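Okay, structure first, notes after.
The values are calculated or read from the model by the stated rules, or taken from the named source; none is laboratory data. For clarity, every value in this text was computed on a predicted model and none was experimentally measured. Note that we place each Cβ from the backbone using ideal geometry, even for glycine, and neighbour counts take in every protein chain shown. Accessible surface areas use protein heavy atoms only, side chains included; no ligands, DNA or RNA. Shrake-Rupley method; radii C 1.70, N 1.55, O 1.52, S 1.80 Å.
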Amino acid sequence: MFLGVIFLVILLIIGILIAITSYLYKYLNRKFPNKIYRYLAFTPIIISTYFVWTAFYPTEDFYKNEFKNLTQIEFPKKSKFIYKTATFPDHFGDYNSVFLLETTQEEIEKIKIQIEKLKFEEIKEDKWHSHETKTAIQKTKTKIKHQYNYEVEGGKNYYVALFDDNKTVLVRRMSW
């Protein structure tokens, strides 16, 4: 029943977008025949597609904001993403994000100092290894050197792993 309602809502939204696009296309075609302006009618579909796409496949800015929220420092400028994934937020706004980045040794030290200031607890074993976390770890050939965990009231769990190559960092945010 619930899935049927969701399916109908999705069909309704798609139908509304098609109706708006059709109306705009016909109007612009009458107003500006043989002009490129009529293709502006597809703007609602393009914008909606962009928002849906970025909900399932977030941009790098999303992960940079996650990093800043978690560590309270700016994303290192000389860093690059090796792996990144996030789940779609549920109706409570809870989601999981995991990303692996490569940076300089100086930035690694800065991150380590900062997460220790933020009262992250160094742990021996991560009890929340999800499929996404395991996949991210497999993207690098190095081993985890230090692991830090921080649980926030309200069901959030932050995890940072520093690898033994002194340039790779794994960051995970989980909420439930």
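Of note:
- From K80, K64, residue being in contact with a strand residue (DSSP E or B) (Cβ under 8 Å, 6 or more places away or on another chain) and either within 30 Å of I113 (Cβ to Cβ) or at pLDDT 90 or above (or both): K80
- Y39, sole failed condition from (1) free of Cβ contacts under 8 Å to residues at least 60 places away in the same chain; (2) touching a Leu at 6+ places or on another chain (Cβ under 6 Å): (2)
- Whether a residue is part of a helix (DSSP H, G or I) and under 30 Å from V98 (Cβ atoms) was assessed, and I18 does not pass this test.
- The strands (runs of 3 or more DSSP E) located wholly in region 90-176 that include 2 or more residues which are in contact (Cβ under 8 Å) with a residue 12 or more places away in the chain and within 16 Å of the chain's Cα centre (by Cα) occupy 96-102, 156-163, 168-175.
- Residue selected from region 42-53 under the condition of a type in the set (S, T, Y) and open to solvent by less than 60 Å² (accessible area, probe 1.4 Å), by the criterion farthest from I20 (Cα to Cα): S48
- Some residue of region 54-71 being among the small types (G, A, S), more than 30 Å from T168 (Cα to Cα) and either under 18 Å from the mean Cα position of the chain (by Cα) or open to solvent by less than 100 Å² (accessible area, probe 1.4 Å) (or both): no
- Check on K78, basic (K, R) and in a strand (DSSP E or B): no
- Residue identified as of a type in the set (S, T, Y), over 30 Å from I6 (Cβ atoms) and open to solvent by 20 Å² or more (accessible area, probe 1.4 Å) among Y150, Y159: Y150
- Residues that are more than 18 Å from the chain's Cα centre (by Cα) and under 30 Å from R173 (Cβ atoms) are absent from region 18-33 altogether.
- Candidates Y39, Y25, filtered to the one that is assigned to a helix (DSSP H, G or I), open to solvent by 90 Å² or more (accessible area, probe 1.4 Å) and in contact with a Phe, Trp or Tyr (Cβ under 9 Å, 6 or more places away or on another chain): Y39
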